[in-house]
Amino acid sequence: QKPIPPNASEPNAPQDAALRQEEFGDLSQAADQFDAAREYYAVALAHARPDDRAIRARLLIKLADCDHRQGRYDRALDQLAAARTAARPLRDTTLNGLLASRLARSHVAAGAYTPGTRYARAAFRMLRSTNEHVELGLIEQTQGIAALRTGDYPAALDAFTGSLASFRRVEDVGHMAGAHSNLGLVYKNTGQWREATRSFEQALRLAEKVGD
């Protein structure tokens with residue numbers, strides 16, 4: 001489905017068109033159709049008012065998510081830099097926390113562990129008093145991945161244990177499976193074979209529940 005042009009005769013046509021295209025983008029991204037999602041978000045961004053900084057920042061974050069999911073980390077970081085520029089005057093702690101979380105994730109995925117860890121810590125500070133439990137779990141997961149890849153196994157264990165607790169608070173079974181799998185990797189890399197086996201088995205059981 002191609003992006004739908006707005007009806008210029010309607011007073012709120014640009015804003016309505018932006019929201020409509022964003023919804024199409026969300027559906028496409030949920031179906032892993034990232035090129036289509038990116039096209040919808042780009043059209044939505046073109047229709048968003050220049051002074052509507054919250055919407056523009058949100059759309060730029062979603063564009064970055066698409067790029068990240070396709071391994072285009074440099075492009076994701078460029079989108080996030082633009083989102084920070086849009087969001088800065090708002091002084092919205094939650095929005096800034098979400099931005100820092102995405103910056104952490106893309107930096108770590110690109111192998112830039114020091115800035116990635118720094119952004120993750122900042123994101124956690126900004127969001128820890130909110131109800132963004134899934135995002136907090138993802139931040140801890142990012143910290144754990146950075147620690148695991150740099151051989152800091154105690155830090156990785158703490159981070160993945162924290163992420164599991166965050167996902168449990170909202171019964172996010174899919175992410176809980178990922179947390180158990182990550183814990184299994186830590187245990188495997190430290191020669192704790194029994195614990196590794198238990199973690200991998202638990203990850204498999206939870207993944208099967210998601211499949212059902």
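Evaluated at 20 °C with a viscosity of 1.002 mPa s, what Stokes-Einstein diffusion coefficient in µm²/s does the chain have when Rh comes from the Kirkwood expression over alpha-carbon pairs? Walk me through the numbers before you get to the answer.
Values: Rh = 18.3 Å.
Rounded, D is 117 µm²/s.
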Distance between the range 139-181 and the range 13-35 - C-alpha centres, whole angstrom
30 Å
Trp193-Asp16 pseudo-label distance in nm [points 7 Å out on the Cα-to-Cβ vector]:
6.6 nm
For Leu27 paired with Asp78, estimate the spin-label separation in nm (one decimal), with each label point 7 Å from Cα along the Cα-to-Cβ line.
2.9 nm
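In the range 117-183, what trypsin sites (Lys or Arg not before Pro) fall in a loop by DSSP, with at most 12 other Cβ atoms inside 10 Å? Could you put the intermediate results ahead of the total?
Values: sites: Arg118, Arg121, Arg125, Arg128, Arg149, Arg168, Arg169; in loops: Arg128.
Here the trypsin sites (Lys or Arg not before Pro) that fit, given the DSSP loop and packing criteria, are Arg128.
When ligands, DNA and RNA are left out and all protein chains stay put, how many square angstrom of accessible area per residue does the range 114-193 have with a 1.4 Å probe?
Details: 3940 Å² over 80 residues.
Heavy-atom SASA per residue in the range 114-193 reads 49 Å².
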Would you kindly state how much longer the chain becomes between Val134 and Ala54 on full extension, computed as 0.36 nm times their sequence separation minus their alpha carbon distance, in nm to one decimal?
26.7 nm
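Over the chain, with every protein chain in place, what whole percent of the accessible area is carbon and sulfur at 1.4 Å, could you tell me?
Numbers: 5570 of 11290 Å².
Roughly 49 percent of what the probe reaches on the chain is carbon or sulfur.
So which trypsin sites (Lys or Arg not before Pro) in the range 25-95 are both in a DSSP loop and have at most 15 other Cβ atoms within 10 Å of their Cβ?
Working: sites: Arg38, Arg53, Arg56, Arg58, Lys62, Arg69, Arg72, Arg75, Arg84, Arg91; in loops: Arg72, Arg91.
Here the sparse-neighbourhood loop sites are Arg91.
The values are calculated or read from the model by the stated rules, or taken from the named source; none is laboratory data. Source: prediction; values computed, not measured. We place every Cβ from the backbone using ideal geometry, glycine too, and count neighbours over all the protein chains shown. What goes into the accessible areas is simple: the full protein's heavy atoms, side chains included, and nothing from ligands, DNA or RNA. Shrake-Rupley method; radii C 1.70, N 1.55, O 1.52, S 1.80 Å.
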